[in-house]
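The values are calculated or read from the model by the stated rules, or taken from the named source; none is laboratory data. As the structure is a prediction and not an experimental result, all values here were calculated from the model. Every residue, glycine among them, receives a Cβ derived from its backbone with ideal geometry; neighbour counts consider all protein chains shown. These area figures cover heavy atoms from the full protein model, side chains too; ligands, DNA and RNA do not enter into them. Shrake-Rupley method; radii C 1.70, N 1.55, O 1.52, S 1.80 Å.
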Amino acid sequence: MTPPTQIAAPSALRRTVLLVAGLNGAGFVVEAAVALAIGSVALVADSVDFLEDTSVNLLVALALGWPLAKRALAGRAMALVILVPAVAAAWTAVEKAFDPVPPAAAPLALTALGAAVVNGLCALLLARVRHHGGSLGRAAWLSARNDVAVNLAVVAMAGVTAWTASGWPDLLLGVGIVALNATAAWEVWRLAGEERLAARALAGDDLD
């Protein structure tokens, strides 16, 4: 008999990923708003992780019911959505390089700590279904788990900012996170491409 932990009904999996997508969407709005208010490049870039996770989890939910061709189109669209705030974060970094004013350390640390809590909760929710939903399901769990480490790095950077009264720690960490976000957008695009190829194969198209 298959253990209960190895069974995930499509409806249960869909509810989980939609809940996680909602939490990440709310996290993106809050973190991006605080980031823009205090002028933190790292926090703007970190907020993109929330948008990435929102996209991936929505893609998992779509994968449970949509045909492959539609999933591929949705994935490509989500990859482009991720790039929008990533480009905004990169532009913020360029502007701040000419005047690296340090962001307010307290709201920076508190917001990043809150983000770590949200990502930790999402990781716990996804851990129960990470073996279902294919590679996207596992990718969603890994992304949430790894984002906790990024959030804690921002908290540590806030301490360094308070200690040095410099905007450079925020700027440098922000650039690093932007680079990670660009990789994440490419990963979502690549996964969508795999869905597109699978759809063509099922349709009997020549893939050469």
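Return one whole number: the accessible area per residue of the stretch 30-127 in Å², for a 1.4 Å probe.
Counting only protein heavy atoms, the per-residue value for the stretch 30-127 is 41 Å².
Evaluate E = 1/(1 + (r/R0)^6) for V117 and E194, where r is the Cβ-Cβ distance and R0 equals 35 Å; express this FRET efficiency to the nearest 0.05.
The calculated FRET efficiency here is 0.60.
What ³J(HN,Hα) values, in whole Hz, does the Karplus curve 6.51 cos²θ - 1.76 cosθ + 1.60 give for the stretch 34-50 when θ = phi - 60°, with x put for Gly and Pro?
Result, ordered by residue: 5, 4, 5, 5, 9, x, 9, 5, 4, 6, 4, 5, 5, 5, 5, 4, 5 Hz.
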